[in-house]
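The next block holds one structure in the form of structure tokens; read it before the comments.
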Amino acid sequence: MFIDRMIDVRADIRDVYEVWTLFEDYPYFMDTVETVELQDGDRLHWVATVAGETCEWDAVLVDHVVDERVSWRALDGRESGEVRFEKLAGDRTRVSYQLEYDTAAWQGRPGDVHRWMDHRVEHDLDAFRELVEATD
């Protein structure tokens, strides 16, 4: 399954990028995420609560270009994604988020998983925008 979302943030691209790449701070704007731990420079260990159960997985950063993009893939194949940053007029930044995921790797029926993932991404991006704009 695939999710493609975009938000505009009222902040400079450098600030937006810096907040996004503070991986260990993801629980501040991602409700289901308990912890993200950066290991060995390009590996992330995730702990999240999904459908009332704790899930853990590792992901690797595949591409990381300052102020431009961050992409990753889970080592178990559950998901891969990319976030792109684009400077807009004034102090505004567009954040484009793409996520491809395997519904079988997550708890529940495929339709329920898709609705949950879609809601999760939408909510997390809104919370990210609020966090960045509040600190700007």
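Every read-out reported here was derived from the displayed coordinates using simple, explicitly stated rules and does not represent laboratory data. A quick note: this is a predicted structure, and the numbers were derived from the prediction, not measured. Here the Cβ is made from the backbone with ideal geometry for all residues, glycine too, and neighbour counts use every protein chain on show.
Please compute the contact order of the chain in relative form: average sequence separation of alpha-carbon pairs under 8 Å and at least six residues apart, divided by the residue count, as a percent.
30 percent
So what are the ³J(HN,Hα) numbers for segment 70-76, from phi and the Karplus equation (6.51, -1.76, 1.60; θ = phi - 60°), rounded to whole Hz, Gly and Pro as x?
9, 10, 8, 8, 6, 5, 8
With everything on Cα atoms, drop me the angle between helix 110-135 and the longest principal axis of the chain, reported from 0 to 90° to the nearest 10.
Orientation of helix 110-135: about 30 degrees from the principal axis.
So, R0 is 25 Å and r is the distance between the beta-carbons of residue 89 and residue 62; what FRET efficiency does that work out to, to 0.05?
0.25
Give, in nm to one decimal, the length gained when the segment between residue 73 and residue 54 is fully stretched (0.36 nm per residue of separation minus the Cα-Cα distance).
Extra length from residue 73 to residue 54 when fully extended: 4.9 nm.
Please state, as a whole number in µm²/s, the translational diffusion coefficient that the Stokes-Einstein equation yields for the chain at 10 °C and 1.306 mPa s, with Rh defined as the Kirkwood radius across alpha carbon pairs.
104 µm²/s
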